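Below is one structure, written out as structure tokens; the observations come after it.
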Amino acid sequence: MSTSAARPVDVVVVGAGFAGLYMLHRLRGLGLSAVVLERAGDVGGTWWWNRYPGARCDVESMQYSYSFDPALQQDWHWSERFAGQPEILAYAGHVADRFDLRRDIRFETSVTAARFDAGRGRWLVETDAGAWEARFCVMATGCLSTAKLPEIPGIESFAGRRFHTGHWPHHPVTFAGRRVGVIGTGSSAIQAIPVIAAEAARVTVFQRTPNFSIPSRNKPMDGDYEGWWKRDYGAHRRRARMMRTGILYEINDKGAMEVDPAEREAIYRRRWEAGGTSFMGAFADLITSQDSNDTAAEFVRGRIREIVADPATAEALAPKDHPIGTKRICVDTDYFATYNRPNVTLVNLRAHPLAGITEAGVRTGAGEVTCDDLVFATGFDAMTGALAAIDIAGRDGLLLAEAWRDGPRTHLGLMSAGFPNMFFITGPGSPSVLSNMMVSIEQHVDWIAGALGAMAARQAGVIEPTAAAQEEWVRHGMEVANRTLYPRAASWYMGANVPGKPRVFLPYIGGVGVYREICDKVAAEGYPGFSLSRAA
Ligand code: NA7
């Protein structure tokens, strides 16, 4: 694609999920021309692709929504405590309509390459439907947007229907009367299995690693609760933004070992009954102290043993190989109880390793299980997968793949040295997946909009982090992570689920509020750690 054929805009935004939508809105407010390039057929990002049965947000709907427009947050009514995927997708569509966003979005357009022309200070962005040329490039590509099929021999030979939870078809899928195999027991599987089991003739779950899951206690939206939020939405949102995860809930300031066992048990029980991820706020030190963490983990294992009738199945479902919370904690509706159904069987792949997939089903050390359908709930190439799928070349032809060979290197998770005028929304090195994504998305979009405004005021054409500031941020990110238990788990936070991916802790664990203060300070002080120059 030659530069001459490329359509000029001020900003190319890649991705029309919640990040891309809000970015476009803010860019218009700055008077900049923008195009959003999106490979899906409509807005919604992760909620457009992840439409598997039971898909639901694990952040309460009153908080998993935009805060930038007071009228929007007053007008929109969520029907449940935790919104399901169809309602969240409808919300994304409503926002696109309300702010007339679709006219600047090119759907079914996959970005293949982005090259920085230093001489002209322009990014050339190539797609399967033509090229664009822009001063700035904003990657709103999502953290969990590159679905990953597992490396299992024979996977292509399966003769039945094959699904991936992160790439679910848009036509209705029924499992009535069918024998379904589910591979994986992460968050997606934990949501999908109870719903599929209620319909299918038989479900066989192939589990490699059990996960901790807390009941959601999902319910129709309580009018009083909605009213409490809406009466003072602005103040509640301000408090949420300063929380560790960007989610407003009560965090106990005591450590788990500071109270006696009976009180500890009572606190866990209250959190378990209340439901949701706020379970991890039961004590202040659950992600930093192994002893404290053990008490929470043992409490949850106790509930699994209580719920699951067959002791061997309960034991196989009880996680013992990682501290609770160091892999994304799951939130479920009837997940463990589903194993009491006569049509559901758990195959423990640690005891009976997966040998391969055949034309008829799944072969393990315990024999072959015949399946009509296979559901792969095997996750994503998280945080860097969508960026790695685009051939990105910065200053002097530096490839992002090369610059990030030993793990992503960013300053504040927002930009990477050598890639001028390219921003990442919720990029690696920012709280991102450890936070309420809506809060982190809005923070990044606002920061980027602020930086673009500051550049215009100073008549600067180019912004780029300095190598020294970036090295310091990467070092700080690792240091903070190593103060926690997170690196002890072979999780996708560590890149552990993708063969050959460097094992580094990808998000920033210092806390959403702390991180916001750092970013705000950088902006207030005129962007130290970034070089702003007139030309490239
Ligand atoms: P996850 O959390 O990455 O879960 C993937 C699951 O698939 C997990 O149980 C894996 O087991 C399993 N898996 C992956 N590869 C294999 C192979 N080869 N054999 C057997 N099992 C395998 O993805 P989700 O989609 O559930 O959730 C991602 C995030 O989306 C979630 O955290 C929420 O934030 C939303 P493993 O643990 O690797 O042994």
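The values are calculated or read from the model by the stated rules, or taken from the named source; none is laboratory data. Computed from a prediction, not measured in an experiment: that's the story for all the values here. Virtual Cβ from ideal backbone geometry, glycine too; neighbours counted across all protein chains shown. Side chains included, ligands, DNA and RNA excluded: accessible areas come from the protein's heavy atoms. Shrake-Rupley method; radii C 1.70, N 1.55, O 1.52, S 1.80 Å.
Values for this structure:
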| read-out | value |
| --- | --- |
| Accessible area per residue, Å², the chain with all protein chains present, probe 1.4 Å | 39 |
| Region 214-283 - convex hull of the alpha-carbon atoms, volume per residue in Å³ | 97 |
| Length added when fully stretched, VAL173-ALA490, from 0.36 nm per residue minus Cα-Cα | 110.9 nm |
| Distance in nm between pseudo-label sites at GLU273 and SER33 (7 Å out along the Cβ direction from Cα) | 6.2 |
| The chain - Rg over Rh from alpha carbon coordinates, Kirkwood radius | 0.96 |
| Within-14-Å neighbourhood charge of VAL173 [Cβ basis; K, R +1; D, E -1] | +1 |
| Dmax and Rg, reported as Rg then Dmax, of region 1-97 (C-alpha, Å) | 15.5, 51 |
| Additional length obtainable on full extension of the chain from LYS521 to ALA113, 0.36 nm per residue less Cα span | 143.5 nm |
| The chain: calculated mean residue ellipticity at 222 nm from DSSP helix runs of at least 4, using -39500 (n - 2.57) | -9500 deg cm²/dmol |
| Karplus-derived HN-Hα couplings along region 501-511 (A = 6.51, B = -1.76, C = 1.60, θ = phi - 60°), whole Hz, x at Gly and Pro | 6, x, 8, 10, 6, 7, x, 9, 9, x, x |
| Potential lengthening between SER531 and HIS94 on full extension [0.36 nm per residue; Cα-Cα distance subtracted] | 153.5 nm |
| Shape of region 143-215, Cα gyration tensor, a/c cut at 1.5 | rounded |
| Gyration tensor (alpha-carbon) shape descriptor, region 394-433, a/c threshold 1.5 | oblate |
| Within the accessible area of the chain (1.4 Å probe), percent carbon and sulfur | 52 |
| Derived scalar couplings ³J(HN,Hα) [region 357-370; Karplus, 6.51 cos²θ - 1.76 cosθ + 1.60; whole Hz; x for Gly, Pro] | 10, 10, 4, 9, x, 10, 10, 10, x, 9, x, 9, 10, 6 |
| Karplus-derived 3J(HN,Hα), 6.51/-1.76/1.60, for each residue of region 204-216, Hz, glycine and proline x | 10, 9, 9, 10, 8, 10, x, 10, 6, 9, 10, x, 7 |
| Region 159-228: relative contact order as a whole-number percent, Cα under 8 Å and 6+ apart | 31 |
| Whether region 339-418 is rounded, prolate or oblate, judged on the alpha carbon gyration tensor where a/c under 1.5 counts as rounded | prolate |
| Overall Cα dimensions of region 144-269 - principal axes, largest extent first, Å | 54, 38, 29 |
| Antiparallel %, DSSP beta bridges [both residues in the chain], to 5 | 40 |
| Inter-site label distance for VAL514 and SER79 at 7 Å from Cα along Cβ, in nm | 4.1 |
| Label point distance in nm, ARG238-ALA366, each placed 7 Å from Cα along Cα→Cβ | 5.6 |
| D_trans [Stokes-Einstein, Kirkwood Rh over alpha-carbon pairs] for region 367-497, 4 °C, 1.567 mPa s, µm² s⁻¹ | 77 |
